[in-house]
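Trainee: Mind looking over this structure? Questions follow.
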Amino acid sequence: MKRRLVYKPATQRELAHLERSDAKRVVHALEAFAADARGDVKALMGALKGRYRLRIGKLRAFFQSRSTC
């Protein structure tokens, strides 16, 4: 199931501060996860319940998945 990615302004600023190659890796990994749930994803617990972590080498992307139904 294809998911739609929405980047918050803070996320766009963080990506702009990364090295270009790292930013491309992060965006590519997020797009791969959105397309077919591919990647090293872990559901977070406790106060962060409902959020997820995607590991991209030494980097981590934290995100929420919302149902549009």
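The values are calculated or read from the model by the stated rules, or taken from the named source; none is laboratory data. Predicted, not measured: the structure shown is a model, and the values here were computed from it. We place every Cβ from the backbone using ideal geometry, glycine too, and count neighbours over all the protein chains shown. We work out accessible area using only protein heavy atoms, side chains counted, and drop any ligands, DNA or RNA first. Shrake-Rupley method; radii C 1.70, N 1.55, O 1.52, S 1.80 Å.
Trainee: Compute the helix-to-body angle for 20-36: its Cα long axis versus the longest principal axis of the chain, expressed 0 to 90° and rounded to tens.
Mentor: Approximately 20 degrees, to the nearest 10.
Trainee: Quick check on the chain: what does the Kirkwood estimate of hydrodynamic radius come out to from the alpha carbon pairs, in Å?
Mentor: 12.8 Å
Trainee: Can I ask one more? How charged is the neighbourhood of A37? Take every other residue with its Cβ under 11 Å from the Cβ of A37, and add Lys/Arg as +1 and Asp/Glu as -1.
Mentor: Around A37, the surrounding residues sum to +2.
Trainee: Return one whole number: the accessible area per residue of the chain in Å², for a 1.4 Å probe.
Mentor: 84 Å²
Trainee: Explain nothing, just the number: relative contact order of the chain, from Cα pairs under 8 Å at least 6 residues apart, as a whole percent.
Mentor: 23 percent
Trainee: Under the rule of -39500 (n - 2.57) per DSSP H run of 4 or more residues, summed and divided by the residues of the chain, what mean residue ellipticity at 222 nm is obtained, to the nearest 500 deg cm²/dmol?
Mentor: My calculation for the chain gives -12000 deg cm²/dmol from helical runs alone.
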